[in-house]
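**Student:** Just dropping this structure here.
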Amino acid sequence: MKHINEAKKRPIDMAYGNTIGYQKVREVRHRLSVCFMACASLCWAGTSHADSWLDNFSYSGFGTLSAVKTNNQDIEFIQNNRLPDGAAKNWRFDNDSVFGLQSQYAFSGRTKAVVQLLSRRNHRNNYEPQLDWAYVSHKLNPNYTVRAGRFISPVFFASDYRNVNYSNAWVRPPIDMYSQATINNIDGADIVYRNFYEDFTYQLQFYAGQYTLPFPNGGDIKFHHMAGITGSVEYESWTLRLGYMDAKHSNRDGNGTVQPTGVRMIVGQDGVGLTLSPADATCAFAQPGTTCAQLIPNFNSIMDFVRRDKKPFDLANLAVVYDNGLLFNQFEIMHRQTDSILSNGMAAYNIMGYRFGKIMPYVSYSYSKTLNETRYFDVPAWYKTGLDEAVIDAGFKTIDRYYITNISNRQNTLSAGVRYDFYKGMALKIQIDKVRPLEHMGMDNDGNGFIRRDGLPISALGRSIFVSTVSIDFIF
Amino acid sequence: MTLVSKTFALSLLILSASVHAEIAVIVHAENTASINEDDVKKIFMGKLAQFPDGKPTSPVTFNIDSSIRENFDTGFLSRQTHQIEAMWSKLVFTGKSSAPKVVDSSAAALEYVSSNPNAIAYIDAKDVTPNVKVLFKF
């Protein structure tokens, strides 16, 4: 097995080069403020028409206090890939801990406004509450409900309540799957249709909107549009859910420039490569004045593949759940299509638990892998001959064709845990995850959910990382 | 029947009576929907938000500490109360539905049901009044 070297790491860096400036952050915060004020105004407007408006107001909350550690000093576990750092060998409380406060105002039996503030450590490494839900909904009749504002993009089975750990058996949604799409919110509108047929109850949801997701390095991923459909059917102890989202996304730095601006052409074994950019007046190792597009006929199409500029971010999802009150089993599988340097991917998990009164032990297994695409550079023979000599001179072996491939990783996780509902509205959970990042397509990698501070890529260690979590979830 | 078996049967009866008193599921007196036990289970587990005639539901439950709540959840819904709470939390914190109205007495449940055409509740069967319609008892 080969170890990834600096040259190999590059495509991964490029793919996660999400950048945004403070100006953009201010814009996001400004939009949140506007949104909040709009909701507050709506609530205030409602009060003038209600005799006892307090009767129409309700609030509720949820949260998790969680301690997490890994078994390796140099490998930090992160609950989501927007966290700037995570928990290594010492217990840390700032990974999964979260607090949410929701208020709801009913203008009438049919129309209501819902605002939910969520505080958890974010990409700026603080706990500044963010507006997670802020919408006005209107029930057209018992079957149809429309809403507009900010809500959760329901790309996965548990997306809607992924932050409400009390609602779920696990201490956190399985990283293998839920890190495939960090998207949380959507600013837009949806329509939900609910009905029943004999013993079946079913629901259809259509939604559309957009969102900008900031990352710690100052960049962002702009989702230009997100439009999707979900459908679920429940019958006795069974639930079946299907979901599909069509989206276009761009990966931008702090100045709003789409990233990456260059491409790393692999020219030798062990990932030896050259960075080529359309902006270079002279392409590396070419005659003076010859640009890369002039030298390599398919250079522009490869750049188009590499730049995540309005590229797809389409997610397909299937979930099957069985819960008879004692036995609980949940299976979910997803596929991500991006047609870019951000790989297409698939992930699946199954979690099973059995309730002994207030105690539920559970086990889960999850798996994820990227589906690689490789593009070859149509370089002139004379150019390759010259460059191969340089590769040999540098002490590396040559390859038949120069290429670029997208992010590569593969991982599985075996988890065991127990949930104990020890007090009303409170649950204690203990979970151990045995996470194994695996070499994939000849490349070692760090898997999902980890930041490696030192040493070999995690998959090259040849052993699992253990993540231990103790948490208390509550609702009120 | 021998005296011993009579005594045994009587003691069983007393035992079952002490496990839980009879519970009546009630709706508004003018609710004409044909509602069966499965419908009621779905309504109280947040799976169904309308009566079979299409009208919206407004379920009423008891305080989490009350014995009638525990009897209803475990005896009728076949779920622990914390499971029911977790199920509703998925609906409440996504804004899809409001949690059932919580009361702490049969009188409060009766008052709400008798004045709300969409209400559905359960109370100790001995507390039932003519102001409400009993769907069934268990």
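Any read-out appearing in this document is the output of simple, stated calculations on the displayed coordinates, not a laboratory observation. Given the structure is predicted, the values throughout are model-derived calculations rather than measurements. With ideal geometry, Cβ positions are generated from the backbone for all residues, glycine too; neighbour counts draw on all protein chains shown.
**Student:** On a straight-distance basis, which lysines could pair with A:Lys139 in a cross-link, Cα separation under 26 angstrom, same-chain partners fewer than 8 positions away excluded?
**Tutor:** Here the lysines satisfying the reach criterion relative to A:Lys139 are A:Lys112, B:Lys41, B:Lys42, B:Lys47, B:Lys55, B:Lys90, B:Lys96, B:Lys101.
**Student:** Same structure, new question: Using +1 at the C-beta of Lys and Arg and -1 at the C-beta of Asp and Glu, which of A:Phe466, B:Ala107, A:Leu371 has the Cα lying farthest in the positive direction of the dipole of the protein assembly as shown?
**Tutor:** Working it through, the farthest residue towards the positive pole turns out to be A:Phe466.
**Student:** To continue, here is another question. Would you tell me the mean number of C-beta atoms belonging to other protein chains that fall within 10 Å of each C-beta in A:419-429, as a whole number?
**Tutor:** Going residue by residue through A:419-429 and averaging, the value is 2.
**Student:** Let me have the 222 nm mean residue ellipticity of chain A computed from DSSP H runs of 4+ only, each contributing -39500 (n - 2.57), with the sum over all residues rounded to the nearest 500.
**Tutor:** That comes out to -4000 deg cm²/dmol.
**Student:** Also, quick follow-up: Determine ³J(HN,Hα), in whole Hz, for all residues of the stretch A:244-256 in sequence, where each value follows from phi through the Karplus function 6.51 cos²θ - 1.76 cosθ + 1.60 and θ = phi - 60°; x replaces Gly and Pro.
**Tutor:** 8, 10, 9, 9, 10, 9, 10, 9, 10, 8, x, 9, x
**Student:** Spin-label point model (7 Å from Cα, Cβ direction): what's the A:Tyr127 to A:His224 distance in nm?
**Tutor:** 3.9
**Student:** Can you put A:Tyr367, A:Tyr235 in order, fewest other beta carbons within 10 Å first?
**Tutor:** Neighbour counts put them in this order, fewest first: A:Tyr235, A:Tyr367.
**Student:** Hey, fewest Cβ within 10 Å first, where do A:Trp133, A:Trp238 land in order?
**Tutor:** Lowest to highest Cβ neighbour count: A:Trp238, A:Trp133.
**Student:** Let a ≥ b ≥ c be the square roots of the eigenvalues of the Cα gyration tensor of the protein assembly as shown; is it rounded (a/c under 1.5), or, if not, prolate (a/b larger than b/c) or oblate?
**Tutor:** In terms of gyration-tensor shape, prolate.
**Student:** Alpha carbon centre of the stretch A:256-325 versus the stretch A:132-211: separation in Å?
**Tutor:** The stretch A:256-325 and the stretch A:132-211 have Cα centres separated by 33 Å.
**Student:** On a C-alpha basis, how far is the centre of the stretch B:44-90 from the centre of the stretch A:108-124 in Å? Whole number, if you could?
**Tutor:** 25
**Student:** Calculate the dipole size of the stretch B:21-137 relative to its Cα centre from +1 charges on Lys and Arg beta carbons and -1 charges on Asp and Glu beta carbons; express the result in debye to the nearest 20.
**Tutor:** Its charge dipole is roughly 380 debye.
**Student:** Sequence gap at least 6, Cα distance under 8 Å: using those rules, report the relative contact order of chain A to the nearest whole percent.
**Tutor:** 17
**Student:** Based on the mean of other beta carbon atoms within 10 Å per residue, what is the order of A:66-76, A:276-286, most packed first?
**Tutor:** Top of the packing list down: A:66-76, A:276-286.
**Student:** Assigning unit charges at the beta carbon (Lys, Arg +1; Asp, Glu -1) and nothing else, what dipole magnitude in debye, to the nearest 20, does chain A show about its Cα centre?
**Tutor:** 620
**Student:** With a Förster radius of 41 Å, plug the Cβ-Cβ distance of A:His138 and A:Tyr423 into 1/(1 + (r/R0)^6) and report the FRET value to the nearest 0.05.
**Tutor:** For R0 = 41 Å, the calculated efficiency reads 0.65.
**Student:** Let me ask something additional. Roughly what % antiparallel, to the nearest 5, for the DSSP beta bridges in the stretch B:21-137?
**Tutor:** If I count the DSSP bridges inside the stretch B:21-137, around 70 percent turn out antiparallel.
**Student:** Here's another thing I want to ask about it. So if we plug the beta-carbon distance of A:Leu371 and A:Thr257 into 1/(1 + (r/R0)^6) with R0 = 25 Å, what FRET efficiency do we get, rounded to 0.05?
**Tutor:** Calculated transfer efficiency: 0.35.
**Student:** Other chains' Cβ within 10 Å of B:79-91 residues: what's the mean?
**Tutor:** 6
**Student:** Shifting gears a bit: Across the stretch A:275-292, in residue order, what do the Karplus-derived ³J(HN,Hα) couplings come to in whole Hz, using 6.51 cos²θ - 1.76 cosθ + 1.60 with θ = phi - 60° and x for Gly and Pro?
**Tutor:** 8, 10, 9, x, 7, 5, 5, 10, 5, 3, 6, 9, 5, x, x, 8, 7, 5
**Student:** Hey, what do the phi angles of the stretch B:114-129 turn into as Karplus ³J(HN,Hα) couplings, whole Hz, using 6.51/-1.76/1.60 and θ = phi - 60°, x for Gly and Pro?
**Tutor:** 6, 10, 10, x, 9, 6, 9, 8, 9, 9, 4, 4, 6, 8, 4, 10
**Student:** If you don't mind, another one. How large is the charge dipole for the stretch A:118-168, taken about the Cα centre, if only the Cβ atoms of Lys, Arg (+1) and Asp, Glu (-1) carry charge, to the nearest 20 debye?
**Tutor:** Around 60 debye, computed over the stretch A:118-168.
**Student:** Follow-up question, since we're still on this one. Mean separation of Cα pairs under 8 Å and 6+ residues apart, divided by the residue count of the stretch B:21-137: what relative contact order is that in percent?
**Tutor:** Relative CO of the stretch B:21-137 lands at 47 percent.
**Student:** For the stretch B:21-137, what is the Kirkwood estimate of the hydrodynamic radius, computed as the reciprocal of the mean inverse distance between distinct Cα atoms, to one decimal in Å?
**Tutor:** With all distinct Cα pairs of the stretch B:21-137 included, I get 14.0 Å.
**Student:** Still on this structure, I have one more. So who's got an amide H within less than 5 Å of the one on B:Gln50, skipping anything under 5 residues away but keeping other chains? H placed 1.01 Å off N, in plane.
**Tutor:** Sorted by chain and number, the residues that satisfy this are B:Thr57.
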